[in-house]
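Student: This is the structure I have questions about; it appears just below.
All of the numbers you see were taken from the coordinates with simple rules; none came from a lab. Computed from a predicted model, the values in this text were never measured in an experiment. Every residue, glycine as well, gets a Cβ built from its backbone with ideal geometry; the counts of neighbours run over all protein chains shown.
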Amino acid sequence: MAHQRVEPQGSVHPGSPTASVATVRSVPRRRAFCPLCGGEQQDKLASEVATAEAALCAGRCTVAWQVLTALRLSESGNEQVVARRREEWEAREPHAATLSEILLGRWRAGDWAVAPEDLLGQLR
Ligand SMILES: [Zn+2]
């Protein structure tokens, strides 16, 4: 069995995709926060936002979210990624970041050098 792995470049935001969804809870009278950049949505109450997507900023964050969703979908169906995850889980190692996690970390940090608009065009 091959134990080859690709190490992530630089530091990665610890927030996982699932953790970002959990931040959008139904708390009355609170503003919703964008699950991507964390920006407060002035025109949306958290109680009115049913899904993480609904709290996204219009524009770039929405495009970025679409890219990440498409990437995660392909990663979850990727046998190499799934096998690697299982090995890391069994060895209790922190898992190596996938492309979607690296991108999420960069965009969260405000690094838009990799434009989501460009990626979306390639994914389609
Ligand atoms: Zn945003």
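Student: Report the trypsin sites (Lys or Arg not before Pro) located in the range 77-114 that are in a DSSP loop and have at most 16 other Cβ atoms inside 10 Å of their Cβ, or state none. Each step should come with its number before you reach the end.
Tutor: Values: sites: Arg84, Arg85, Arg86, Arg92, Arg106, Arg108; in loops: Arg92.
Here the trypsin sites (Lys or Arg not before Pro) that fit, given the DSSP loop and packing criteria, are Arg92.
Student: Sorted by average packing, counted as other Cβ atoms within 10 angstrom per residue and highest first, what order do 52-60, 113-121 take?
Tutor: Details: 52-60: 16.9, 113-121: 13.4.
Highest-to-lowest ranking by the protection proxy: 52-60, 113-121.
Student: Using the Karplus equation 6.51 cos²θ - 1.76 cosθ + 1.60 (θ = phi - 60°), what ³J(HN,Hα) coupling, rounded to whole Hz, does each residue of the range 41-56 give in order, writing x for Gly and Pro?
Tutor: Once rounded to whole Hz, the list reads 9, 5, 9, 10, 8, 4, 5, 8, 9, 7, 10, 4, 4, 5, 9, 5.
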